[in-house]
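Heads up: the structure comes next, in structure tokens.
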Amino acid sequence: MANVKYISASRVYAKDTPPAVDALDLDINDGEFMVLVGPSGSGKTTALRMLAGLEPLDGGRVEIGGRDVTFVPPKDRDIAMVFQNYALYPQKTVAENMGFALKMQRVPRADRDRRVREAARLLDLDDQLLDRKPKQLSGGQRQRVAMGRAIVREPQVFLMDEPLSNLDAKLRVQTRSQIAELQRRLGVTTVYVTHDQVEAMTMGNRVAVLTGGHLQQCATPRELYDNPVNQFVAGFIGSPAMNLQAVPLAEGGARLAGGMLPLPAAVRTAALKARLSELVIGIRPEHLHLTNGSPDADGPQQPRATDGSWELSGEVMLVEELGADALLHVRLADGGDPVVARAEGRKPPAPGQRVTFRVSPDDVFAFHPETGARLAG
Amino acid sequence: MSAPALRRGPRRLRELSVRVGWGVIAWVVGIAFFLPVLWMVITAFKPESAAETWPPKFIFTPTLSEFHLVFSGMGPFLTHSVVATVGSTILVLLLAIPAAYALSVYPVKHWRDGLFFFISTKMLPIVAAIGPLYVIALHLHLLDSIWLLIVLYTAMNLPLAIWMIRSFMLEVPSELLEAARLDGAGRIREIGGVILPIISPGLVSTALICVIFAWNELFLALNLTVTNAATMPMFLISSVPQEGLYIAHLSAAATVASVPVIIVGWIAQRSLVRGLSMGAIK
């Protein structure tokens, strides 16, 4: 068991290109499940490989359990890695695959067998599978063997590089909870890389969001969702994504859908200080509450402040039925990008219907249009 | 309804005629290659008197007399060929595996130059090198020695083997090698325990090609050996007498000399296909 520290760790693949990972500072606590998430090219896999020792550092340090491992070869870092395509040795049996690292450490045969069997039991791998070759296994079984190979080593840190991306959707959800549960049981510090924000949110104790080689925010899933520090995190975390729209600033608020959206005083002050003429506002789909009252038939709908919340209306373009709920793609009155709203699944409005949403000002996020930074609300 | 059906008819006919056309070409080429071999085998079973007649005789009493003659004199040549071929092939693999590793998995500095240096040695006509080779062999007292042939055949096949094995090693998924490194495997264990088992079909096809090339080599053997290291191709030449009829005898000798190559080629055919289509590792 150990904590992991990145101290302004950088990796530059080629001269004259921006760093793949740029001065990453990240503290991972002992026993924590830390997820690195980001779009492709965000540097999340590179960061993991730097920790594994598969990628040299061009600056900064990496520490495991207080020990500087920046120049320590991979095998001496006391880590185990699960690869995206599992990287099982095709010519070795499952048992040999799982026991290979122990064999390299000259662990006696009997001991090795015992530990392989224990790991297999932990992962619900039948004993008869142990003598098979990886080719004879299903995708899910291969994934578990890859996990087993990591568990057998009893390392200080588990590194997982998108270990679920080769599984089908159903198995992925199932394995997702199994891995998270197993990690809590073993209590081994785990760094998990994924591009899937649902995986990140459901599995991680904390989630580090990266893009363009920069760490954007590292926080608990709840905190990331409720309090994104910038527009990127706000748009990346949450499914369907937050509705983001650039709107011009006006006296007392922002113009949206032909009306005036009241902004909290703090946001107005921040915008004024930054001399902005417009800003980006974000509203999560579930915060667009469908009002029951049908809108007035004539005239463009005005977002109005009523009992603190305000309303905005538009026309339904598309309805995506998800069963429990439905996603409405709605074009607002001013004809900007359509917004997505989450509605109850039972009786969603039909395409072409005009709808009105009620939004609470507390649910509106505001971002700087150039830097993307959150304007404090 | 009827229009598409009508159109389908001529199209089918065209596809069929194209297929037949290619088939005919393939058979003609195939037979053109095979006929001389067949003629050689048939002639080997003829008595010398029936071998060189015009028009050629197709009806004759087959005899094994020429084969008896061939087998009686072949012994030492066969031994030399086996030793030179097997010895050089083993040496080639022992040298090519680490060389290919250093040019592919963890490329050394200037690996590209190294790679092209190896192949450039094959561009020099061997005739241009035979003079110096002869002088060197003379001074090292290696003329007419089997060791000389082993070394030269190794040098002859090494570039090709390095290029082939390198291409197989490049096919090994890098994640597998990284897993091995994380598991604590050193270089030797990484090559022996992870890479070689995966590329073994490729190694077999490489070895078979080396065997065929070494077995058939004549020029070096002819110029640098006399009796102590003379190989099977030398035996073929020596079985041509100065005077008299010899076609049947030569055919029998050539047939015997081809048999190992044909067997090896037949084995190689399968593993070559497997070896050269190694993308299916995953």
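Taken together, the values in this text are just the output of simple stated rules run on the coordinates, not laboratory data. Everything numeric here is computed off the predicted structure, so don't read it as measured data. Here Cβ is always computed from backbone atoms with ideal geometry, including for glycine, and neighbour counts include all displayed protein chains.
Brief remarks on what is shown
- Counting only lysines at least 8 places from B:K122 when in the same chain, those with an alpha carbon closer than 23 Å to its own are B:K109.
- Centroid-to-centroid separation of region B:118-197 and region B:17-95 [C-alpha atoms, Å]: 30
- FRET efficiency for A:Q91 and A:D362, using Cβ-Cβ distance with R0 set to 56 Å, rounded to 0.05: 0.40
- Region A:176-245-region A:1-50 distance, computed between alpha-carbon centres (Å): 14
- GNM top mover of A:P348, A:P56, A:P134 - chain A, alpha-carbon springs below 10 Å: A:P348
- Estimated FRET transfer efficiency (A:A241, A:L171; beta-carbon r; R0 35 Å; 0.05): 0.85
- Relative contact order of chain B, taken over Cα pairs closer than 8 Å and 6 or more residues apart, is 30 percent.
- In summary, the aspartates and glutamates within cross-link reach of B:K57, defined as a Cα separation below 17 angstrom excluding same-chain residues under 8 places away, comprise B:E48.
- Note that region A:284-289 has calculated 3J(HN,Hα) couplings of 6, x, 7, 8, 8, 8 Hz, one per residue in order, obtained from phi through the Karplus relation 6.51 cos²θ - 1.76 cosθ + 1.60 (θ = phi - 60°); glycine and proline are x.
- Electrostatic bookkeeping for A:A350 treats Lys and Arg as +1 and Asp and Glu as -1; over the other residues with beta carbon under 15 Å from its beta carbon, the sum is 0.
- When the listed pairs A:K44/A:K92; A:K103/A:K170; A:K5/A:K44 are checked against a 24 Å cut-off, the alpha-carbon distance exceeds it for A:K44/A:K92; A:K103/A:K170.
- Over region B:72-281, volume per residue of the alpha carbon convex hull, in Å³: 142
- Between B:A102 and B:V20, residue separation times 0.36 nm minus the direct Cα-Cα distance comes to 24.7 nm.
- In this structure the amide hydrogen of A:A366, modeled in the peptide plane, comes within under 5 Å of the amide hydrogens of A:G282, A:L375, none closer than 5 places in sequence on its chain.
- Placing a label point 7 Å from the Cα of A:L122 along the Cα-to-Cβ direction, the residues of region A:142-169 with a backbone N closer than 12 Å are A:147-158.
- Top of B:G21, B:G265, B:G131 by mean-square fluctuation, Gaussian network on chain B, Cα under 10 Å: B:G21
- Here the Karplus curve 6.51 cos²θ - 1.76 cosθ + 1.60, taken at θ = phi - 60°, turns the phi angles of region A:155-160 into couplings of x, 7, 9, 8, 10, 10 Hz, with x standing for Gly and Pro.
- Distant-in-sequence amide contacts of A:D78, defined by a placed amide H-H separation under 5 Å and a gap of 5 or more residues or a different chain, comprise nothing.
- Placed amide H near A:L288: partners under 5 Å, 5+ positions off or other chain: A:R342
- Average partner coverage of B:184-197, which counts Cβ from other chains inside 10 Å: 3
- Cα shape, region B:1-147, gyration tensor, a/c 1.5 rule: oblate
- Chain A - percent relative contact order, Cα under 8 Å, separation 6 or more: 15
- Potential extension, A:R275-A:L318 segment - 0.36 nm per residue separation minus Cα distance: 11.7 nm
- What the Cβ-Cβ distance of A:S40 and A:A373 gives, at R0 = 30 Å and to the nearest 0.05, is a FRET efficiency of 0.80.
- When the chymotrypsin sites (Phe, Trp or Tyr not before Pro) in region B:16-107 are filtered for DSSP coil states and for at most 16 other beta-carbon atoms within 10 Å of their beta-carbon, the remaining sites are B:F58, B:F60.
- Whole-Hz couplings from phi, Karplus 6.51/-1.76/1.60, listed for region B:187-202; x for Gly and Pro: 4, 4, 5, 5, 6, x, x, 10, 6, 4, x, 6, 8, 4, x, x
- Extending 7 Å from Cα along the Cβ direction at A:T17 and again at A:Q353 yields two label points whose distance is 5.1 nm.
- Qualifying trypsin sites (Lys or Arg not before Pro) for region B:90-172 [loop in DSSP, other Cβ within 10 Å: at most 10]: B:K109
- Residues considered: B:I191, B:I136, B:I237. Largest GNM mean-square fluctuation over chain B, using C-alpha springs under 10 Å, is found at B:I136.
- If the chain linking B:H110 and B:A128 were pulled fully straight, counting 0.36 nm for each residue of separation and taking away their Cα-Cα distance, it would gain 3.7 nm.
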